[in-house]
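Participant: My structure is below; once you've seen it, I'll send some questions.
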Amino acid sequence: MIARVVVDVPVAAVDRPFDYAVPPALSPLVRVGIRVLVPFGPRQVIGFVVDVDEADGKTEAAGKALKAIAAVLDPEPPLTEELVALGAWMAEAYLCPRSAAYQAMLPSALKARTEKRLRLRGEPPPLLAPSAEEAAFVEALRRRGHLTFDEAMKRFPGAAALMRRWVEEGVLDVFYAAVDRAGTKTVTRVVPAVDPEALRRARDALSPRAVRQRAVLDALLAAPHPPTLADLLAAAGAPRSAVTALVEKGLLHLVEEEVYRDPYAAASFAPSSPPPLTAQQEAAVCRISEALASGQPHTLLVHGVTGSGKTEVYLQAIARTLESGRQAIVLVPEIALTPQMVERFKGRFGARVAVLHSRLSVGERYDEWRKIRRGEVDVAVGARSAVFAPFTRLGLLVIDEEHETSYKQEEQPKYHARAVARWRAERHGAVLVLGSATPALETYAASKSGRIERIVLTERPGGGRLPTVTVVDMREELRAGNRSMFSRRLREAIERRLSCGEQVVLFLNRRGYATFVLCRVCGYVAQCPHCDLSLTYHLAGRMLRCHTCGHAEPEPARCPSCGSPHVRYFGAGTQRVEEALARTFPGIRVIRMDVDTTRAKGAHEVLLGRFRSGEADVLLGTQMIAKGLDFPNVTLVGVIAADTLLRLPDFRAAERTFQLLTQVAGRAGRGERPGEVIVQTYAPEHYSIRLAQSHDYAAFAERELAVRRKGMYPPFSRLILLTLSGRDVRAVQKAAGDVAARIRRAVDDTAQVLGPSPSPVLRVNDRYRFQCVLKYKNESLVKPAVKAVLAEVERALSAQGVGLSVDVDPMVLW
DNA sequence: AGCACGCCGACT
DNA sequence: GTCGGCGTGCTC
Ligand SMILES: [Zn+2]
Ligand SMILES: [Zn+2]
């Protein structure tokens, strides 16, 4: 019996199956999709069985004797045959190693690696004159039984020669063990080591100069529960060193804890039954059912305005799927996977639903995943990675808010859940339903060309009209002498809501207080020491922070360049809007929601719950408040600065802006009262803003398609973004030139190779980045050519300390 | 990616 | 003489 194995070594050079003999004792266990430990060169690695041949009795490959599988790592294959085939497709589609695709499919509880270890084979020969390190090494081996090779080299570098000799002489045994990937998410919690009273006394006894340590203790005393280290540091605005100092003084403990418990575990879900449908919903469910019954693969776009009841259409389509004995996957953007959303599915389908959520602990997620694998549930609801739910009788895949960029994975392999879902639908003869109020332009184009069918929902079952949208030209405001961040129109509108007890949602896509810090005398701008980006000023702890690498430093009292005290803050963030609201509308109650206020577990739900119950007049936030939240009492939505997205150097900027404005506008007037939306901008004439104002998706899509056609951008071409990065600028630049030249030689002139050019932000995290963009149409020609180039340059690049990342169909070009 | 093998400079 | 630098070749 022969097994073909893809080893878990994610490099192009070994990205192909290797043949192994299966020892008779293991043959009942070895099946496609199972993980095994195999000898590979001089070491052992983990691999995935991608094929077995019972009849094949061959004993050699490429003229050399076959090696045998050393161990089987699972009782049952974690990957189905379908997923094994999907991995092979992903490797071609996304130019990634197959093993990287398999890793992306596994729950993190099953992610493993091998570890090289040393152990004594019996009693070691006596050493005549051992060095201190050699003696300590032998002592550690005796006491612990075995040591990892890495640890031994790090702790006892002076014993390296002895290790080598003993391995050669057979005194030491080198072996490999499969261990968990160090990916188990833990959070560090800060726990007082003394009672609160003692803590208070300790705070008062601190040196007056220990400002940060006092801030940490104050924040800890104010916290109802032991906070996570990250939360505590953010709340106190203190550096980690302050906490370390307090730990050393014996006042605090740090405790590692596995992340969050199941946020829905305690919740009980009231059973719900299907409500009556509108005629349009009925027609949509009907079309999906027909497609299901055909047993042929279909992709359907459900294009419905906000509030048109898309979710109910999904629910009833799922019910039909289950009736026919098949299974369903529902993808929802991570941020929209709220307890309310989960309740809608659990309420309808009860225990037949598994939820895959990043807020589950590794163990809980694994439990949900296992229910799917064993067929104990028929519906999987989750974010992007739930698209790999290991069902074997898939009938329906739903992608809600299909235009969301979060469906594209940002790490290797950079897959798009929509493309993976489409592949699975083809394979199963299943139906893929894409739902959106503002479909991605690619999806819209596919529906126009007839490749996918479009179903339109224009009625709102709860009634309610679309809000009126007013665009305010902020240049006019400046001319009229209004230098505040609220236009006169927005200020009056807010005042009206305050006086009649209605609520307001305000949106600004920038967190912190000020987006840059400038010296009025010499023009100095505070920059991140690790990135080519300016630092954002945050009120908490009066710190300057880099939003990209996390660097933080105290605010400068004087300009570090010229010593002038005239350091000023520019570019309003949410904190500054909060401050301005309090000044402009005395007594106003504001809830601010951004990454800084929602880091703590459950904070998201708590803040939204407080706003819903009327504890605040205004919900002020970033991106995260744009998603399908329903607040019946909200009658005004204000967009503080609509052009922040428009200014990004990306071909999708207009699309992003249109989608965001439409989504934010959908927050207004979901009750009986009509909603009003006010959009502030410096570019009021831009078509993405004008057409969002008139709620005209079709006109926007046509206009934007014309722009894309002119620039030959997707959907009229396809893109591959190659990014090279490293600490040595010149090495990176040179490597980028070399890669671009090789690709130019490898593809024909129907493909364009742009660049290399420096990335829009050249340096991030002390790494310099250069990029190269491929624009092409002929996929079957370009992808193999690029793959070959990647294999050619892989070695040389890693030797030069240059990383190369490949993004097929990138969402952003930087 | 590891890991071994192999061939040149500067240490005991 | 040997320790160790990293080029290059291979992994069923
Ligand atoms: Zn200055
Ligand atoms: Zn930075």
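The values are calculated or read from the model by the stated rules, or taken from the named source; none is laboratory data. Quick caveat, the model's predicted, so the values are computed rather than measured. Note that we place each Cβ from the backbone using ideal geometry, even for glycine, and neighbour counts take in every protein chain shown. Just so you know, the surface numbers come from the protein's heavy atoms only, side chains and all, with ligands and any DNA or RNA stripped out. Shrake-Rupley method; radii C 1.70, N 1.55, O 1.52, S 1.80 Å.
Participant: Output the DSSP H helices from chain A with an along-axis C-alpha extent of no less than 24 Å and a mean Kyte-Doolittle hydropathy no less than -1.0. Working shown, then result.
Facilitator: Values: long enough: A:729-746 (25 Å, -0.08); A:779-799 (30 Å, 0.53).
Qualifying helices, which must be both long enough and hydrophobic enough, are A:729-746, A:779-799.
Participant: A follow-up question, please. With N denoting the number of residues in the stretch A:1-128, provide Rg(C-alpha) divided by 2.2 N^0.38 Å, to two decimal places.
Facilitator: Numbers: Rg = 16.3 Å, N = 128, 2.2 N^0.38 = 13.9 Å.
Its radius of gyration relative to the 2.2 N^0.38 Å reference: 1.17.
Participant: Cα-Cα over 27 Å: which of A:K414/A:K777; A:K67/A:K111; A:K408/A:K787; A:K67/A:K414? Kindly include the intermediate steps, with their values, before the conclusion.
Facilitator: On the way: A:K414/A:K777 19 Å; A:K67/A:K111 24 Å; A:K408/A:K787 21 Å; A:K67/A:K414 33 Å.
Listed pairs above 27 Å: A:K67/A:K414.
Participant: Could you derive backbone 3J(HN,Hα) for the stretch A:63-70 from the dihedral phi with the Karplus parameters 6.51, -1.76 and 1.60 (θ = phi - 60°), listing whole Hz in sequence and x where the residue is Gly or Pro?
Facilitator: Values, residue by residue: x, 10, 5, 5, 8, 10, 4, 8 Hz.
Participant: Let me ask something else about it. If pairing requires two Cys Cβ atoms under 4.7 Å apart, which cysteines of chain A are left without a partner?
Facilitator: By the Cβ distance rule, which asks for a partner under 4.7 Å, the isolated cysteines are A:C96, A:C286, A:C500, A:C549, A:C772.
Participant: Taking the Cα centre of the stretch A:156-221 as origin and charging only Cβ (+1 Lys, Arg; -1 Asp, Glu), how large is the dipole, in debye to the nearest 20?
Facilitator: Numbers: 11 positive and 8 negative charges, 101 e Å.
It comes to approximately 480 debye.
Participant: A further question on this structure: When DSSP beta bridges are limited to those with both residues in chain A, what percentage is antiparallel, rounded to the nearest 5?
Facilitator: Taking every DSSP beta bridge within chain A, about 60 percent pair in antiparallel fashion.
Participant: Considering only C-alpha atoms, what is the centroid distance from the stretch A:337-362 to the stretch A:710-748, in Å?
Facilitator: 42
Participant: Report the Cα centroid-to-centroid distance between the stretch A:604-651 and the stretch A:2-48 in angstrom, as an integer.
Facilitator: That distance is 50 Å.
Participant: If I ignore ligands, DNA and RNA and count only protein heavy atoms, how much of A:S289 is accessible to a 1.4 Å probe, in Å² to the nearest 10?
Facilitator: Probe radius 1.4 Å; accessible area of A:S289 about 20 Å².
Participant: Can you give the accessible area of A:V806, probe radius 1.4 Å, in Å² rounded to 10?
Facilitator: The accessible area comes out at roughly 10 Å².
Participant: Suppose every K and R has +1 on its Cβ and every D and E has -1 on its Cβ; what is the size of the dipole of chain A about the Cα centre, in Debye to the nearest 20?
Facilitator: On the way: 111 positive and 91 negative charges, 302 e Å.
Rounded to the nearest 20 debye, it is 1460 debye.
Participant: Leaving ligands, DNA and RNA out of it, report the carbon-plus-sulfur percent of the accessible area of chain A at a 1.4 Å probe. The partial results should precede the final answer.
Facilitator: Details: 18900 of 36040 Å².
Solvent-exposed carbon and sulfur of chain A make up 52 percent of the total.
Participant: Next question. Place the peptides A:344-354, A:299-309 in order of packing, highest mean first, counting for every residue the other Cβ atoms within 10 Å and averaging per peptide. Don't jump to the answer; show the numbers that get you there.
Facilitator: Values: A:344-354: 18.7, A:299-309: 22.5.
Packing proxy ranking, top to bottom: A:299-309, A:344-354.
Participant: Could you list, bin by bin from short to long, the percent of Cα-Cα pairs of chain A in 20 Å steps?
Facilitator: 13, 41, 37, 9, 0
Participant: Also, I was wondering about something else. Going by a ≥ b ≥ c, the root eigenvalues of the Cα gyration tensor, does the stretch A:604-735 fall in the rounded group (a/c under 1.5), the prolate group (a/b larger than b/c) or the oblate group?
Facilitator: Details: a/c = 2.84, a/b = 1.60, b/c = 1.77.
Oblate is the answer for the stretch A:604-735, as a/c is 1.5 or above yet b/c matches or exceeds a/b.
Participant: Can you compute 3J(HN,Hα) from phi for each residue in the stretch A:636-648, using the Karplus curve 6.51 cos²θ - 1.76 cosθ + 1.60 with θ = phi - 60°, rounded to whole Hz and x for Gly and Pro?
Facilitator: 9, 10, x, 9, 5, 9, 6, 8, 4, 6, 5, 7, 5
Participant: Oh, and also: Can you pull out the GluC sites (Glu not before Pro) in the stretch A:529-623 that DSSP calls coil and that have at most 11 other Cβ atoms within 10 Å?
Facilitator: When the GluC sites (Glu not before Pro) of the stretch A:529-623 are filtered for loop state and at most 11 Cβ neighbours within 10 Å, A:E615 remain.
Participant: Would the stretch A:194-250 count as rounded, prolate or oblate if I go by the C-alpha gyration tensor, calling it rounded below 1.5 in a/c and otherwise prolate when a/b exceeds b/c, oblate otherwise? List each step's numbers first, then the result.
Facilitator: On the way: a/c = 1.55, a/b = 1.12, b/c = 1.39.
Oblate.
Participant: Direction-averaged shadow area of the convex hull around the Cα atoms of the stretch A:513-572, nm²? Walk me through the numbers before you get to the answer.
Facilitator: Numbers: hull surface 14.9 nm².
Computing the convex hull of the Cα atoms and averaging its projections yields 3.7 nm².
Participant: Continuing with the same structure: For a quick check of your reading of the filter: which trypsin sites (Lys or Arg not before Pro) in the stretch A:399-496 sit in a DSSP loop and have no more than 13 other Cβ atoms within 10 Å? Show your work: numbers first, answer last.
Facilitator: Values: sites: A:K408, A:K414, A:R418, A:R422, A:R424, A:R427, A:K448, A:R451, A:R454, A:R465, A:R475, A:R479, A:R483, A:R488, A:R489, A:R491, A:R496; in loops: A:K414, A:R451, A:R465, A:R483.
Answer by residue number: A:R451, A:R465, A:R483.
Participant: Which of the aspartates and glutamates could a cross-linker span from A:K116 if the Cα-Cα distance has to be under 13 Å and same-chain partners fewer than 8 positions apart are dropped?
Facilitator: Result set, ordered by chain and number: A:D150, A:E151, A:D173.
Participant: Right, next: Which distance in nm do the two modelled labels at A:E76 and A:R31 give, with both placed 7 Å along the Cα-to-Cβ direction?
Facilitator: 0.9
Participant: To the nearest µm²/s, what D does Stokes-Einstein give for the stretch A:633-688 at 4 °C and 1.567 mPa s, using the Kirkwood radius over alpha carbon pairs as Rh? Before the final figure, lay out each step's value.
Facilitator: Values: Rh = 11.9 Å.
Estimated via Stokes-Einstein, D reaches 109 µm²/s.
Participant: Ordering A:C772, A:C549 by accessible area with a probe of 1.4 Å, largest first, what comes out?
Facilitator: Numbers: A:C772 0, A:C549 40 Å².
The ranking, largest first, comes out as A:C549, A:C772.
Participant: I would also like to ask the following. Filter the trypsin sites (Lys or Arg not before Pro) in the stretch A:525-618 to those in DSSP coil with at most 14 other Cβ atoms within 10 Å of their Cβ, and list the result.
Facilitator: For trypsin sites (Lys or Arg not before Pro) across the stretch A:525-618 that sit outside H, G, I, E and B with at most 14 neighbouring Cβ atoms in 10 Å, the list reads A:R558.
Participant: Still on this structure, I have one more. Can you return the lysines within cross-link range of A:K601? Criterion is Cα-Cα under 21 Å, with same-chain partners fewer than 8 residues away left out.
Facilitator: Counting by Cα, and skipping residues close in sequence, A:K601 has these lysines nearby: A:K185, A:K627.
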